[in-house]
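The values are calculated or read from the model by the stated rules, or taken from the named source; none is laboratory data. Fair warning: this is a prediction, and the values are worked out from it, not measured in the lab. Because the Cβ atoms are built from the backbone with ideal geometry, glycine has one as well, and the counts that use them run over all protein chains shown. The area values use the complete protein model at the heavy-atom level, side chains included, leaving out ligands, DNA and RNA. Shrake-Rupley method; radii C 1.70, N 1.55, O 1.52, S 1.80 Å.
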Amino acid sequence: MLLMVHVRIAHFYPVLDNENITSLIYIFISLVSVSCLNTINNRRQNIDNRQSWIQSILGQEGISVDSTDYLFYCTGHHGIIWSIITSDLSGIHLYNGTTRNHIKDTCHGLTDTLSFINANIKTIKWGFDSFANAAKLLTPLKNEAYNPVYNELCIIKNNKTVFCHNNTDYYSGQDSISFNYSLNKLVYLIYWLAAPSGRPYLPTPCDTLLTEGML
């Protein structure tokens, strides 16, 4: 006669008391905090690297910018052309240059800088005062098509990069039509400043100039 043996397998689950639960919560919060700190540090490093890069570009041209608020734009492929608009208590100042050693991009200077600034003051003020905050409320729509030409527009306030517009066609969301219109004007203005050799062939920027489709 065969004996039927029934084996009951017992599953043991650890019982967590309040002290263990508290310890697990503490560990979880610590891991999240470390992850957040690493993300913040990486962002700060990227910002610091970008500003160091900008300062090195200015140094190549022998330019020293004392202002802590400025708009920086650059575009190019093999080497770049760039421009900077600064704002401080002494007023608004314009600079441009290039990393292309074989090209002299300082020709075709402005004959009347003050009149030029006055004609574009609305666009310039929008870049300093409204662009960054308005852009953060909208959704950037990236251009999926490959573009070998690099371009970037950075907003620096109090020596901190508060926003970068990079290879983005336009933005969507509430008030995006007005925003994109102002953005097109700002990009065209600062591109025009960065490309003095092309100025004779381009309309001179002003607040009333229609720039849609130009870039």
With every protein chain kept in place and a 1.4 Å probe, the residues Glu152, Glu61 fall, from largest accessible area down, as Glu61, Glu152
Karplus-derived 3J(HN,Hα) from phi for segment 124-140 (6.51 cos²θ - 1.76 cosθ + 1.60, θ = phi - 60°), whole Hz, x at Gly and Pro, runs 5, 5, 4, x, 7, 9, 10, 4, 4, 5, 5, 5, 5, 8, 10, 9, x
Within segment 122-152, DSSP-loop trypsin sites (Lys or Arg not before Pro) with at most 16 other C-beta atoms within 10 Å are Lys136
Ignoring ligands and nucleic acids, Phe163 exposes an accessible area, probe 1.4 Å, in Å² to the nearest 10, of 40 Å²
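How many times 2.2 N^0.38 Å is the alpha carbon radius of gyration of segment 154-215? Each step should come with its number before you reach the end.
Working: Rg = 13.1 Å, N = 62, 2.2 N^0.38 = 10.6 Å.
The reported ratio for this selection is 1.24.
Using alpha-carbon pairs under 8 Å, 6+ residues apart, how would you state the relative contact order of segment 115-204 in percent?
That works out to 28 percent.
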Quick tally, 1.4 Å probe accessible area for Leu114, Leu137, sorted with the most first, runs Leu137, Leu114
Placing each pseudo-label 7 Å from Cα in the direction of the beta carbon, Asn49 and Glu152 end up separated by a distance in nanometres of 0.9 nm
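What length, rounded to one decimal in nm, is gained on full extension from Ile177 through to Ser64, with 0.36 nm per residue of separation minus their alpha-carbon distance?
Difference between extended and current length: 37.0 nm.
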Cα gyration tensor of segment 71-209 diagonalised, 5x eigenvalues square-rooted, in angstrom largest first, produces semi-axes 23, 19, 15
